[in-house]
Amino acid sequence: MLGLAKRVGARFLLSSTSEIYGDPLEHPQKESYWGNVNPIGVRSCYDEGKRTAETLTMDYHRGAGVEVRIARIFNTYGPRMCIDDGRVVSNFVAQALRKEPMTVYGDGKQTRSFQYVSDLVEGMMCLMESDYIGPFNLGNPGEFTMLELAKVVKEVIDHNARIEFRKNTEDDPHKRKPDISMAKSLLGWEPKVSLREGLPMMVEDFRQRVSFGIREVVKREDST
């Protein structure tokens, strides 16, 4: 894609990630922070892949004059996500709707920040229309533990939803929260939708698709 952007003179947007920061020793994370990443861990293929993508993007900018923009995207949620994509918000919502226990890894005290998809889209448009390269953190600085997220999901879907604790995954970041000072000052952007405002819109979409999936399973079972 960088080669194509070079040939046709296109502006190139890299959708990078907060995983750039690994398990951060700085909190919240600024764009100037280089991160704390295990280069041979179970998550390293994603972490280091994105770090390499940023390296290549800047090399093409410096060496070939390609016009580039880099967005470091923090956890994002919203309608039309893949129901079983393994992301924590879609996991919790799908499990609660299916009357399954919500799976929390470790003690549930690790934190993440969740932005609604429309805020992310607006941020990426602001970045692409600006004269700044980045990288820019695009995320919602509202910080929630996994247990707090599970509580919000219970409030929206089912107050009787259960939580099931499992062994934590390797190299799971303990804290994740964007410092968006640079995006606010240079791009004039900040998120508008809180988790409690955005989650019901995602749940409405998931509820329709989960119920449709359950009906399809019942139909297949009846036909056999």
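The values are calculated or read from the model by the stated rules, or taken from the named source; none is laboratory data. Since the model is a prediction, treat every value here as computed from it, not as a measurement. We place every Cβ from the backbone using ideal geometry, glycine too, and count neighbours over all the protein chains shown. Areas reflect the complete protein model, heavy atoms only, side chains present, ligands, DNA and RNA absent. Shrake-Rupley method; radii C 1.70, N 1.55, O 1.52, S 1.80 Å.
So the values come out like this:
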{"read-out": "Residue pairs meeting the criteria (Cβ under 9 Å; at least 6 apart or on separate chains; first more than 12 Å from V156 (Cα to Cα), in segment 194-213; second surrounded by 13 or more Cβ atoms within 10 Å (Cβ to Cβ) and of a type in the set (S, T, Y))", "value": "S194/Y116; F206/S90"}
{"read-out": "Subset of segment 59-72 that is within 25 Å of H27 (Cβ to Cβ) and not small (G, A, S) - its residue that is surrounded by the most Cβ atoms within 10 Å (Cβ to Cβ)", "value": "R72"}
{"read-out": "Tabulated pairs, segment 53-64, first farther than 10 Å from F12 by Cβ, second crowded, with 18+ Cβ neighbours inside 10 Å and of a type in the set (S, T, N, Q), C-beta under 8 angstrom, 6+ apart or interchain", "value": "A53/S16; E54/S16"}
{"read-out": "Qualifying residue in segment 1-18 (condition: closer than 19 Å to I180 by Cα and assigned to a helix (DSSP H, G or I))", "value": "yes"}
{"read-out": "Failed condition for C126, given (1) part of a loop (DSSP other than H, G, I, E, B); (2) open to solvent by 30 Å² or more (accessible area, probe 1.4 Å)", "value": "(1)"}
{"read-out": "Residue within segment 27-35 that is touching a Lys or Arg at 6+ places or on another chain (Cβ under 6 Å) and either on the phi < 0 side of the Ramachandran plot or assigned to a helix (DSSP H, G or I) (or both) present", "value": "yes"}
{"read-out": "Flag if N75 is buried (at least 16 other Cβ atoms within 10 Å of the Cβ), free of Cβ contacts under 8 Å to residues at least 60 places away in the same chain and either among the small types (G, A, S) or under 24 Å from R196 (Cα atoms) (or both)", "value": "no"}
{"read-out": "Criterion: in a helix (DSSP H, G or I), within 30 Å of N91 (Cα to Cα) and in contact with a helix residue (DSSP H, G or I) (Cβ under 9 Å, 6 or more places away or on another chain) - qualifying residue of D47, D59", "value": "D47"}
{"read-out": "Output for segment 157-193, where each listed residue is touching a Leu at 6+ places or on another chain (Cβ under 9 Å) and either without any contact (Cβ under 8 Å) to a residue 60 or more places away in the chain or among the polar types (S, T, N, Q) (or both)", "value": "I180"}
{"read-out": "Residues being over 19 Å from R112 (Cβ atoms) and over 18 Å from the mean Cα position of the chain (by Cα) - total across segment 33-84", "value": "19"}
{"read-out": "Residues located in segment 39-50, provided they are open to solvent by 70 Å² or more (accessible area, probe 1.4 Å) and free of Cβ contacts under 8 Å to residues at least 60 places away in the same chain", "value": "P39, I40, C45, Y46"}
{"read-out": "Condition check for N91: at pLDDT 95 or above, surrounded by 14 or more Cβ atoms within 10 Å (Cβ to Cβ) and within 30 Å of L147 (Cα to Cα)", "value": "yes"}
{"read-out": "Qualifying positions in segment 1-31 - touching a helix residue (DSSP H, G or I) at 6+ places or on another chain (Cβ under 9 Å) and more than 22 Å from E170 (Cα to Cα)", "value": "L2, G3, A5, K6, A10, R11, F12, L13, L14, S15, K30, E31"}
{"read-out": "Filter pass, K30 being under 21 Å from M182 (Cα atoms), within 16 Å of the chain's Cα centre (by Cα), surrounded by 13 or more Cβ atoms within 10 Å (Cβ to Cβ) and not aromatic (F, W, Y)", "value": "no"}
{"read-out": "Residues satisfying the stated conditions in segment 174-192, i.e. of a type outside the set (K, R), buried (at least 18 other Cβ atoms within 10 Å of the Cβ) and assigned to a loop (DSSP other than H, G, I, E, B)", "value": "D179, I180, W189, P191"}
